[in-house]
Amino acid sequence: MSGKIFTPTSVDEHIGQRVQLRRIMMGLSQKDLAKICGVTFQQIQKYESAGNRISASRLFELSTALETPVSFFFLGLPGNIPEPTRSGRIRVSEQKAEDPLSHNESLKLINLYWKLPNDEQRKMVMKMLQSLNGLE
């Protein structure tokens, strides 16, 4: 052991938050996810809080367990949107901070909306949001 102390980066924190978000979106507890991945729930806690860095192979396992592409965990980070250039090559540009889908709250809202039991309740929620935004 090198004695090096791990200091999480903003990327580690972001990925941990995205793991937590996706786990919640799927209705899984930390214990459930840990069982699927073959680790302890404490390890999942450490991943989500950025107490431990997630290796590439573990991130791949998590993406499989959480039924989402690995790229999901990186959404919202600067420099994460591919753009074609004149030469046809892909260039990475910064995601706009004003993009509502770059916020975890947006994904939670979408998930809760679609968990409503029927179309009538979804219509009521949509009407309320439109009213609050002065769009009626």
Item to complete: Restrict the check to region 56-66 and report whether at least one residue is closer than 24 Å to residue 105 by Cα and polar (S, T, N, Q).
Response: yes
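Across region 23-60, which residue is most open to solvent (accessible area, probe 1.4 Å) among those that are farther than 26 Å from residue 115 by Cβ and not in a loop (DSSP other than H, G, I, E, B)? Talk me through it step by step, then tell me what you get.
If we filter region 23-60 for residues that are farther than 26 Å from residue 115 by Cβ, which is where we start, we get 38-40, 42-43, 46, 50-60.
Checking the rest, the ones that are also not in a loop (DSSP other than H, G, I, E, B) come to 42-43, 46, 56-60.
Details: 42: 85, 43: 43, 46: 95, 56: 86, 57: 78, 58: 53, 59: 13, 60: 130 Å².
It comes out as 60.
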Discussion item. Can you tell me which residue is modelled with the lowest pLDDT among those in region 33-84 that are touching a Phe, Trp or Tyr at 6+ places or on another chain (Cβ under 9 Å) and of a type in the set (Val, Ile, Thr)?
Written reply: 70
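Restricting to region 9-22, give me the number of residues that are open to solvent by 50 Å² or more (accessible area, probe 1.4 Å) and farther than 23 Å from residue 114 by Cβ.
Let us first name the residues in region 9-22 that are open to solvent by 50 Å² or more (accessible area, probe 1.4 Å), namely 9-11, 13, 17, 20.
In the following step, the residues that additionally are farther than 23 Å from residue 114 by Cβ were identified as 9-11, 13.
Residues meeting the conditions: 4.
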Discussion item. Please count how many residues of region 61-79 are open to solvent by 60 Å² or more (accessible area, probe 1.4 Å) and in a loop (DSSP other than H, G, I, E, B).
Written reply: 4
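The values are calculated or read from the model by the stated rules, or taken from the named source; none is laboratory data. Nothing here was measured: the structure is a model prediction, and the numbers come from that model. Positions of Cβ are generated from backbone atoms using ideal geometry, with glycine treated the same way; all protein chains shown enter the neighbour counts. Surface accessibility is based on the protein's heavy atoms, side chains included, excluding ligands, DNA and RNA. Shrake-Rupley method; radii C 1.70, N 1.55, O 1.52, S 1.80 Å.
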